[in-house]
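Remarks on the structure that follows.
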Number of protein chains: 2
Amino acid sequence: MNKFLSIATLAALAVASPLTAQETEQPEFPSPNAIVEAAPASDWVKIAPSDLLVMDLAPDAEGNARRVVIQLMPEPFSQGWIRNIRKLAAAHWWDGTSINRVQDNYVVQWGDAGYDNPESGKTEQKALPEGLETVPESAYTQQITSRDPADTIIWDSGSYGVDNYSDMSLFEKGWPLASQIGVDTRLRAHWPVHCYGAVGVGRNYSPDTGSGAELYTVIGHAPRHLDRNIAVVGRIIEGMEYLSSLPRGKGQLGFYEDASKRVPISSIRLACELPTADQPRFEYLDTEAETFAKYADARANRRDPFFIVPAGGADICNIPVPVRRVSAE
Amino acid sequence: MNKFLSIATLAALAVASPLTAQETEQPEFPSPNAIVEAAPASDWVKIAPSDLLVMDLAPDAEGNARRVVIQLMPEPFSQGWIRNIRKLAAAHWWDGTSINRVQDNYVVQWGDAGYDNPESGKTEQKALPEGLETVPESAYTQQITSRDPADTIIWDSGSYGVDNYSDMSLFEKGWPLASQIGVDTRLRAHWPVHCYGAVGVGRNYSPDTGSGAELYTVIGHAPRHLDRNIAVVGRIIEGMEYLSSLPRGKGQLGFYEDASKRVPISSIRLACELPTADQPRFEYLDTEAETFAKYADARANRRDPFFIVPAGGADICNIPVPVRRVSAE
């Protein structure tokens, strides 16, 4: 189905040509979504329940449940913070905390809003669980050795490798990354990038790197200047709309000035700690598979019927990695 | 004020060091916002009330007014559609229409949702005013002659001129543009780009280009693949949060399936057609001014205290042109 059709046309199309008929026509230039839908089962990779964080917000004003699912980053990225996040979830630390900040075209942030103690006159924070790691700033990036000193381009898939924020962008294990050659050209730094829906770790001034207790997600144009300055630990794969559509905070940086506007978090759990029947299951499209290359090319060069001029390129955040919900085994 | 501080730190800073004191310190590397705040009055350009479109939505559930202000693009871009939009506003055509589509990380779209006529069994649309132009697809871009055949780079301001969607991005008259050299290298095409908050014209299949009656704005990562495929006619300069925070539609493409979810539009007027006292006044930062170059550089290379690694670049949609509200003369 094409974009930006008027409602009248949408209705007319729905009447005149059922989608199934259109899809079986196999057009010469299928849409990115059609390419993904045609992927063989072997192109999809299961996401382990232990890599999913399930955040249940308090029901909305109409009583509807609001569940947000976060996929945690795989090794070797951001693992110190992710170990902390697993501990925080296991300790049920976030239960009763809240979403406290919604800044338009930027981030939604959640964690402990603190408690104004009238006796001390101070804002007091909830105690963190024992044994959280202090992760060094060096962990914002991963140093890798080029396979060959002369072979500095380890991935070149046309114009969507061009990046304003690094010397190359790439996909690995289902994640968008940026990469920069070092002064020692045998070394490259790789790092995860702040695309829409990326989840990062709030922190105070350097050298603090945050524990993982204070988290945010991106709800606007990719704020790539945060890359290498804050840890990216995951991405929202379901329920993003419950965060992105929240009223914007009227305070500084989008914090809710009125505490009653904060959205209570009922619980955050690792999916593997939920009852089996309640564990959501997801798969991502293998970014090494041929289907993904076709999908990325189609995102960069839209030739499906609505389009008249293919862009000829795409930035990495405009090629979201397809993720789908699947039923339990 | 820095980003991603915990609430506790934010509170502590507010107590320990009032913002005014911090700002008068004039740090070595001021933030982009501080650079803009320090701009001389001569760096700001007035926006004519005749270039502002004022959209009043029905009040929200709590009875709060919701006003959205759109700045229309200057010549030579998209002027056919903009003439239509001026006629539609003058005819009060949008009054009583609605916001009908909210698709996460994509667009909010408004216009005539149509009326299901039980007699004809068809969805009927509101009649358009007489005399609207049919704008050709060639108007998606503007051809310009390079000043010199050999001089194909007319603007080079470092890495934020690099673009995934054209051979160069640039700012002109306060607007982000993309530019591509033609087969005849004496010619360049320029076009306005789909950044967050850009306003475009919904259309049906090519060669339809839309009249301007159906409009949308971008509420997510810049969908730059729409450039040169749909007309960009303006941008939201105030009240964006009333659109971006709307509940996402559950129907195909984010259309509201339940008509009661549509947000009524009370009126859309050119600001110059409002009573003088009700006309909003705005200025944008002159994109030719030295302040703007400093601001863009600071966006691309954040060195203010929160940041530890400057990005070294920025894409054009991550350098939003500063716009400010001013009081009437």
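Read-outs throughout are calculated quantities, based only on the coordinates presented, and are distinct from any laboratory measurement. These numbers were taken from a predicted model, which means no experiment stands behind them. Every residue, glycine as well, gets a Cβ built from its backbone with ideal geometry; the counts of neighbours run over all protein chains shown.
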Shielding of A:204-210 by partner chains, average beta-carbon count, 10 Å: 4
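As an exercise, use a Förster radius of 30 Å and the Cβ-Cβ distance of A:S260 and B:A34 to find the FRET efficiency, rounded to the nearest 0.05.
Approximately 0.40, to the nearest 0.05.
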Mind telling me which of B:G202, B:G312, B:G234 comes out most flexible in a GNM of chain B, alpha-carbon contacts under 10 Å? B:G312
Region A:150-300: Rg/Rh from Cα coordinates, Kirkwood Rh? 1.01
Can you list, shortest first and in nm, the gaps between the label point of A:E75 and those of its counterparts in the other copies, using a point 7 Å from Cα in the C-beta direction? 6.5
Exposure rule at most 13 other beta-carbon atoms within 10 Å, DSSP loop chymotrypsin sites (Phe, Trp or Tyr not before Pro): chain B longest free segment: B:1-154
Can you pull out the cysteines in the protein assembly as shown that have no other Cys Cβ under 4.7 Å? A:C272, B:C272
Inverting the mean 1/r over all pairs of different Cα atoms, compute the Kirkwood radius of region A:202-257 and quote it in Å. 13.1
Relative to the other copies, what are the label-point distances for B:D60, with labels 7 Å from Cα along the C-beta vector, expressed in nm at one decimal and sorted shortest first? 1.4
What per residue convex hull volume, in Å³, comes out for chain A when only alpha-carbon positions are used? 182
When 1/r is averaged over all different Cα pairs and the result inverted, which Kirkwood radius in Å belongs to region A:218-318? 18.1
If N is the residue count of region B:235-289, its Cα Rg over 2.2 N^0.38 Å rounds to 1.62
At 7 angstrom along the Cα-to-beta-carbon line, where would the label on A:T185 sit relative to the other copies? Give the distances in nm, shortest first. 2.8
Once fully extended, how much extra length lies between A:I144 and A:E62, figured as 0.36 nm per residue of separation less the alpha-carbon to alpha-carbon distance? 24.5 nm
The Rg/Rh figure for region A:55-136, Cα atoms and Kirkwood Rh, to two decimals is 1.01
Consider just the alpha-carbon atoms of the protein assembly as shown and return their Rg together with their Dmax, both in angstrom. 24.8, 76
Go through region B:53-151 and name the GluC sites (Glu not before Pro) that are in a DSSP coil and have 10 or fewer other Cβ atoms within 10 Å of their Cβ. B:E62, B:E119, B:E130
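Across the residues of A:301-313, average count of Cβ atoms on other protein chains within 10 Å?
Values: counts 1, 3, 0, 0, 2, 7, 6, 9, 10, 3, 11, 6, 6.
Partner Cβ neighbours, averaged per residue: 5.
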